[in-house]
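Comments concern the structure below.
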Amino acid sequence: MKTVVCPGSFDPVTNGHMDIIRRASGLFDRVVVLVAANQEKRNHFTPVERKAMIEKVLAQDPSMSNVVVDLFDGLLVDYIAACGASAIVKGLRAVSDFEYEFQMAMTNHKLLPQCETIFFTPSPQNMYLSSSIVRQVGGLGGDISSFVPSCIHDEIWAKLLEEHQNMSR
């Protein structure tokens with residue numbers, strides 16, 4: 001059984017993230033979406049909120065019954081080794097993503113030589129999409145309905161608007 005881990009901060013999860021997860025679920029037996037901590041980012045949603053949002057989206061799509069969501073705060077390779085995954089799946093939107101992701105892939109391979117990283121390019125309609133764009137547009141009251149799954153749209157939009165209003169005070 002081939003298990004892969006799709007790590008990210010998912011703050012919040014976007015249609016681009018779900019595209020990569022959906023495509024990975026069609027190629028591998030089991031996909032673990034790992035809501036990981038990133039000390040370099042200020043998160044807007046708690047890890048538990050992010051996990052719950054992804055699970056809500058997955059519940060809407062029976063074709064992804066081989067996808068599970070987990071939380072982890074530590075070295076990704078430690079999680080990979082513990083769950084017996086064979087690879088990491090990452091999305092690359094642009095050349096600018098490549099340098100950072102390449103460094104991470106090489107570091108992970110050095111720490112755990114049997115760990116491979118597989119890069120997916122996004123579908124054309126998601127190439128520009130990032131969580132930071134969703135946060136910026138949504139926080140200013142813009143329409144994010146084409147950026148995030150519809151079943152979690154209102155939850156994301158409300159939190160982003162509330163956060164923006166609190167910062168404006």
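The values are calculated or read from the model by the stated rules, or taken from the named source; none is laboratory data. Nothing here was measured: the structure is a model prediction, and the numbers come from that model. A quick note on method: Cβ atoms are made from the backbone with ideal geometry, for glycine too, and the neighbour counts reach across all protein chains shown. What goes into the accessible areas is simple: the full protein's heavy atoms, side chains included, and nothing from ligands, DNA or RNA. Shrake-Rupley method; radii C 1.70, N 1.55, O 1.52, S 1.80 Å.
Worth pointing out:
- Count of residues meeting criterion [over 12 Å from the mean Cα position of the chain (by Cα) and either modelled with pLDDT under 95 or over 20 Å from C83 (Cα atoms) (or both)] in the range 3-37: 1
- The single condition from (1) out of contact with any His (no Cβ under 6 Å at 6 or more places or on another chain); (2) surrounded by 12 or more Cβ atoms within 10 Å (Cβ to Cβ); (3) not aliphatic (A, V, I, L, M) that K110 fails is (2).
- Within the range 122-144, the set of residues being surrounded by 13 or more Cβ atoms within 10 Å (Cβ to Cβ) and either among the small types (G, A, S) or closer than 21 Å to V31 by Cα (or both) comprises P122, S123, N126, S130, S131, G138, G139, G142.
- Cβ-Cβ under 7 Å pairs, at least 6 apart or on other chains, the range 8-37 side in a strand (DSSP E or B), far side β-branched (V, I, T) and open to solvent by 40 Å² or more (accessible area, probe 1.4 Å): V32/V68
- When residues in the range 112-128 are screened for being out of contact with any Asp or Glu (no Cβ under 9 Å at 6 or more places or on another chain) and under 11 Å from G91 (Cβ atoms), 3 of them pass.
- Residue pairs meeting the criteria (Cβ under 6 Å; at least 6 apart or on separate chains; first free of Cβ contacts under 8 Å to residues at least 12 places away in the same chain, in the range 145-159; second surrounded by fewer than 21 Cβ atoms within 10 Å (Cβ to Cβ) and polar (S, T, N, Q)): H153/S145
- Some residue of the range 130-141 being more than 19 Å from R42 (Cβ to Cβ) and at pLDDT 90 or above: no
- For L160: the one exception among (1) closer than 16 Å to M18 by Cα; (2) touching a helix residue (DSSP H, G or I) at 6+ places or on another chain (Cβ under 8 Å): (1)
- Note on the range 1-43: among residues that are acidic (D, E) and open to solvent by 40 Å² or more (accessible area, probe 1.4 Å), the one that is nearest to I156 (Cα to Cα) is E40.
- Whichever residue in the range 44-95 is of a type in the set (S, T, N, Q) and open to solvent by 50 Å² or more (accessible area, probe 1.4 Å) and, among such residues, is farthest from H109 (Cα to Cα): Q60
- Pick from the range 150-169, criterion in contact with a Lys or Arg (Cβ under 8 Å, 6 or more places away or on another chain) and not β-branched (V, I, T), ranking: most open to solvent (accessible area, probe 1.4 Å): C151
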